[in-house]
Amino acid sequence: MYVREEAQGLKERIFSSICRNWGLDYLYPHQKLCIDYLLAGTGYFGEAGMAETRNGILVSLPTGSGKSLCFMAPAARIDGVTLILYPLNALLRDQQARFRRAGVPAELYYGGMTTEERSASLEKIGKMQKGVIISNCESAFSPGMLQALETVSIRLLVVDEGHLILQWGTSFRPSLFHLIQLKRHLENPLTAVFTATISPDDRHILGTLLWSSADWDYVEMLSDRPNIRYRVVPCLHAPTALRLFLRQRFDPSWGFLAEQQNAADELNLPMLVFGKTRKICEDLARKTEIWLNIWGIHNISCGYYHAGLDRDTRKQIENDFAAERRGILFTTKAFGTGVDIPGIRCCVHLSPPENMEDFLQESGRAGRDGNAACSLLFQETGMDFFPAGGCRRRHALSSLGQEIEHCSGCDHCEGNVILEFPEGVAVRAFRDHYRLRLGRDVEKRILSREDFADFPEKLFSSI
């Protein structure tokens with residue numbers, strides 16, 4: 001960790017205070033590690049703490065591991081202002097509400113605001129001495145925002161969903177590639193980039209792009225989510241295969257006993273179905289609704305979600321889907337980033353995503369409550385996203401330069417599925433190693449039972 005031993009008592013008091021402020025029972029080891037680093041790097045513990053950190057940190061944590069708290073908690077405590085950049089406007093107001101519920105001053109600035117809202121926000125931002133500014137890259141580079149930031153002491157710059165810098169920065173979001181210029185304008189504050197999935201090559205490119213040197217740190221936790229079971233279904237036509245899959249699960253005329261069907265529903269609903277285009281999602285949502293009616297199933301809702309819908313409509317769909325325990329939602333990758341609904345039980349891909357990072361990111365929408373979930377991919381003839389045979393989990397993680405000893409569930413490694421976690425917490429996921437990158441050196445640290453000293457004892461009954 002990044003604070004001297006004499007500060008250990010202070011750290012533990014800080015962690016306890018964070019739990020109280022954010023309504024938590026405990027912090028995970030990776031959360032403590034990141035919170036400690038960001039507080040030390042921004043001078044919270046004095047010059048000694050700053051001397052032990054570098055210019056910035058790149059953090060790769062799987063979806064559902066409490067990644068946001070790793071930077072939200074330090075931002076609420078540091079002496080100065082934190083600028084947080086999100087790639088999607090849909091996330092901004094939700095994050096502002098989270099900060100304000102925790103008693104942290106938080107101001108928004110982005111293109112979706114009215115002229116009057118932007119003017120009022122810039123006036124407040126220019127006077128900020130402590131708190132959080134929430135924006136996106138394009139808005140952060142606007143002349144009005146740059147002028148307002150000149151009067152503000154930015155101690156911490158945070159970029160969430162950092163993998164999108166490389167995916168989008170070369171095409172329709174070029175401002176993502178110019179973050180180093182923003183850092184210089186802000187007089188090089190400590191910079192933290194958070195992402196759920198990133199390959200070793202992209203990690204190197206991103207580090208060079210943002211820090212232009214080896215003087216940055218890296219924290220990684222395996223992208224594996226052991227409560228998710230992966231399944232690949234070879235097929236000739238994905239929509240037809242989807243209809244067959246849904247009918248097998250939900251049509252009582254196909255011979256399921258009532259209790260078997262209920263169990264299947266509990267395992268697979270709510271369900272997300274990812275399609276490549278908005279039209280595919282809309283068409284299949286309407287067809288699925290017709291199929292369900294033909295099969296005599298009237299208690300499963302069906303809808304679609306994509307970036308072409310206005311903000312209020314998308315928010316209403318998110319709320320309805322979160323409240324609906326028996327729903328199927330067809331969506332583009334717009335739902336694959338930043339939307340946090342804990343109870344999704346199944347993610348279906350009608351076709352392979354562009355890369356394995358996207359597949360893991362989208363699959364990670366399922367099982368965020370730590371309970372059993374599944375990720376299903378329909379792979380049409382001629383596609384080789386997953387090769388025939390072999391462990392699905394190992395293949396997915398190997399593309400990110402990660403290895404596992406045991407598969408916790410895929411259609412190739414049957415019989416080793418983790419079906420339940422006490423209190424919905426996937427404790428086994430946190431028993432894998434962390435790697436802390438210090439410049440070019442990599443130190444591997446294996447977690448021990450002591451790292452989980454704050455956890456209730458019953459969480460370890462299955463370990």
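Sort out which residues of the stretch 65-109 are over 29 Å from LEU10 (Cβ atoms) and either part of a strand (DSSP E or B) or among the aromatic types (Phe, Trp, Tyr) (or both), and write them in order of number.
Within the stretch 65-109, LEU85, TYR86, GLU107, LEU108, TYR109 qualify.
Starting from residues that are modelled with pLDDT of 90 or more and over 18 Å from PRO62 (Cβ atoms), keep the ones in the stretch 350-379 and report whichever is surrounded by the fewest Cβ atoms within 10 Å (Cβ to Cβ).
Ranking the candidates gives SER351 first.
Show the residue pairs meeting these rules: Cβ distance below 6 Å; 6+ apart or different chains; first residue within the stretch 60-85 and free of Cβ contacts under 8 Å to residues at least 60 places away in the same chain and at negative phi; second residue of a type in the set (Val, Ile, Thr) and assigned to a helix (DSSP H, G or I).
ALA73/ILE18; ALA73/ILE35
So, of the residues in the stretch 306-334 that are touching a strand residue (DSSP E or B) at 6+ places or on another chain (Cβ under 9 Å) and basic (Lys, Arg), which turns out to be surrounded by the most Cβ atoms within 10 Å (Cβ to Cβ)?
Looking at the filtered set, the residue picked out is ARG314.
Residues that are in a strand (DSSP E or B), modelled with pLDDT of 80 or more and of a type in the set (Lys, Arg): does the stretch 220-235 have at least one?
Scanning the stretch 220-235 turns up at least one residue that is in a strand (DSSP E or B), modelled with pLDDT of 80 or more and of a type in the set (Lys, Arg).
Restricting attention to the stretch 341-360, which residues are assigned to a loop (DSSP other than H, G, I, E, B), of a type in the set (D, E, K, R) and farther than 11 Å from PHE385 by Cβ?
Scanning the stretch 341-360 gives a single hit, ARG345.
Can you tell me how many residues within the stretch 361-371 are part of a loop (DSSP other than H, G, I, E, B) and in contact with a strand residue (DSSP E or B) (Cβ under 7 Å, 6 or more places away or on another chain)?
3
Within the stretch 319-340, restricting attention to residues that are among the hydroxyl-bearing types (Ser, Thr, Tyr) and part of a loop (DSSP other than H, G, I, E, B), which residue is modelled with the lowest pLDDT?
THR337
Only one of SER139, SER119 is part of a helix (DSSP H, G or I), at pLDDT 85 or above, crowded, with 18+ Cβ neighbours inside 10 Å and polar (S, T, N, Q). Can you tell me which?
Just a single option satisfies the conditions, and that option is SER139.
The values are calculated or read from the model by the stated rules, or taken from the named source; none is laboratory data. Keep in mind that what you see is a predicted model, and the values were worked out from it rather than measured. Here the Cβ is made from the backbone with ideal geometry for all residues, glycine too, and neighbour counts use every protein chain on show.
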